[in-house]
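The values are calculated or read from the model by the stated rules, or taken from the named source; none is laboratory data. Everything numeric in this text was worked out from a predicted model, so none of it was measured. Here the Cβ positions follow ideal geometry from the backbone for every residue, glycine too, while neighbour counts run over all protein chains shown. The accessibility values were calculated without ligands, DNA or RNA, using every heavy atom of the protein model including side chains. Shrake-Rupley method; radii C 1.70, N 1.55, O 1.52, S 1.80 Å.
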Amino acid sequence: MKKPSRVDYAFAVGKVRALEKKLVSQAVFRQAADESDFQSAVKIIFEAGTFSEEMVEIKDSEALDEYLEKEIKSLRVLMSELLLEKDLLRIFDEDEKPQKAMPQAQGCGYAFIRDYIRHRIDLANIKIFCRIKYSGLSREKLENLILKGGFLDEKIFLQNFSLSFSEFGEKIQATPYKELWTKATDTLDEEETFIALERGIEDFLMKHLQRAKYIVFGPEPVFAYGLAKRRELSLVRLVGIGKLNQIPSTILKERISETYV
C-alpha cells in the first residue's frame with residue numbers, strides 16, 4: 001500500500017487544530033489544585049476543556065478511573081481514524097514502552113516522531129540510572145535495565161556508574177538533558193524526592209511535542225495532539241485523586257507538568 005503523502009493528512013490536521021484549542025492549560029490545572037474540594041476542582045477543568053457531562057457527576061476514585069478509561073478508549077479510536085499509517089498507531093500505543101516502539105519509529109520516515117521516541121529512551125535511562133544509584137543498587141542491575149536506541153549511548157551510563165550525581169552531570173553537559181539532570185538531582189539531594197525528575201521528564205517531552213504546532217501537513221500534529229490529550233487525562237487523574245485524598249495543593253502543583261497549550 002502506498003504511503004500517504006503529507007497533504008493526505010490535511011483533514012486530520014484540521015481536526016486536531018480545532019481540538020487543540022480546547023486542551024486544558026497548566027494554569028487551569030494549577031488553579032484546580034488550589035480548590036478546596038474535588039467537585040470544585042473538576043468543575044474548573046471541565047469548563048476549560050472538552051469532556052462529557054459524565055465528568056461532573058463523578059463522586060469517587062473508582063468512578064473517576066472508569067470515566068478516564070472511557071476517555072482513553074475514545075482517544076484511541078480517534079487516533080486510529082486520523083493516523084493513516086499502522087506503524088504510527090503502534091508507536092502511539094507503545095509510547096510508554098519506547099524501546100518496543102523504536103523499530104517502527106526508526107522506519108516511519110518522520111524525524112519528529114523518531115526523535116521523540118529516542119528522547120523517550122534517553123529519559124527512561126536517566127530515570128533508571130538515577131533511581132538505581134540513589135537506591136544503592138548495583139551496576140549489574142543497571143546493565144539489565146538500560147535501554148538501547150536513544151541519542152545517548154547506553155555506555156555513558158554504564159561506564160560512569162561510579163560517579164557522583166554532579167560528576168555525571170558534567171558528562172551530559174553538552175546534551176539537552178543537562179538542565180533537567182541538575183534540577184532533578186539538586187531536588188533529590190535537598191528534599192529526597194523524585195518529583196523534579198518526574199516533572200522534568202514530562203516537561204521535556206511536552207516541549208518536543210509542542211514543535212508539531214508549526215508543522216503544516218503530516219502526521220506529526222496528529223501524533224502530538226494524541227499524546228498531549230493522553231497527558232491531559234493523566235493530569236485530570238492526578239488532580240482528582242489528589243483532591244479526593246486531601247493532598248495539599250502545594251504538593252499537587254509541584255507534580256503538574258507542562259501542557260500542550
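Consider just the alpha-carbon atoms of region 91-141 and return their Rg together with their Dmax, both in angstrom.
Reported Rg and Dmax, both Å: 13.2, 41.
Of the residues TYR225, TYR214, TYR110, which exhibits the maximal mean-square fluctuation in a Gaussian network model of the chain defined by a 10 Å Cα contact cut-off?
TYR214
For a test of the definition: using alpha carbon positions, the gyration tensor, and the 1.5 limit on a/c, classify region 165-215 as rounded, prolate or oblate.
Oblate shape, in that a/c is at least 1.5 and b/c is the bigger or equal ratio.
For region 1-45, what is the convex hull volume of its Cα atoms per residue in Å³?
Enclosed volume per residue, from the Cα hull, is 106 Å³.
Using the Kirkwood radius built from alpha carbon pairs, what does the Stokes-Einstein equation give as D for region 185-236 at 25 °C and 0.890 mPa s, in µm² per second?
196 µm²/s
Can you return the aspartates and glutamates within cross-link range of LYS148? Criterion is Cα-Cα under 14 Å, with same-chain partners fewer than 8 residues away left out.
Candidates past the 8-residue exclusion: ASP115, ASP122.
Take every Cα-Cα pair in region 61-135 and report what % of them are more than 22 Å apart.
That fraction is 41 percent.
Give the accessible surface of region 145-232 per residue, rounded to a whole number of Å², with probe radius 1.4 Å and ligands, DNA and RNA excluded.
Counting only protein heavy atoms, the per-residue value for region 145-232 is 48 Å².
Once the other residues with Cβ under 13 Å from the Cβ of ALA124 are scored (Lys, Arg +1; Asp, Glu -1), what is the net sum?
0
Tell me, how many Å apart are the Cα centres for region 50-129 and for region 237-261?
Result: 20 Å between the Cα centres.
When the chain is fully extended, how far beyond the present Cα-Cα distance does SER162 get from GLU62, taking 0.36 nm per residue of separation?
Gain on extension, SER162 to GLU62, equals 31.6 nm.
Hey, in the GNM for the chain with a 10 angstrom Cα cutoff, which one of ASN144, ASN160, ASN245 fluctuates hardest?
ASN144
Ordering LYS22, LYS183, LYS178 by accessible area with a probe of 1.4 Å, largest first, what comes out?
LYS183, LYS22, LYS178
Students often forget the sequence filter, so: which aspartates and glutamates lie under 18 Å Cα-Cα from LYS3 once same-chain residues fewer than 8 apart are removed?
Straight-line reach from LYS3, under 18 Å: GLU81, GLU85, ASP87, GLU220.
Filter the GluC sites (Glu not before Pro) in region 184-261 down to the DSSP loop ones having no more than 14 other Cβ atoms within 10 Å, then list what survives.
Listed in order of number, the matching sites are GLU192.
Of ALA18, ALA184, ALA27, which has the largest mean-square fluctuation in a 10 Å C-alpha GNM of the chain?
Its mean-square fluctuation being the largest, the pick is ALA18.
Taking the Cβ of LYS21 as the center, what net charge do the other residues with Cβ under 12 Å away carry, scoring Lys and Arg +1 and Asp and Glu -1?
Around LYS21, the charge tally is +3.
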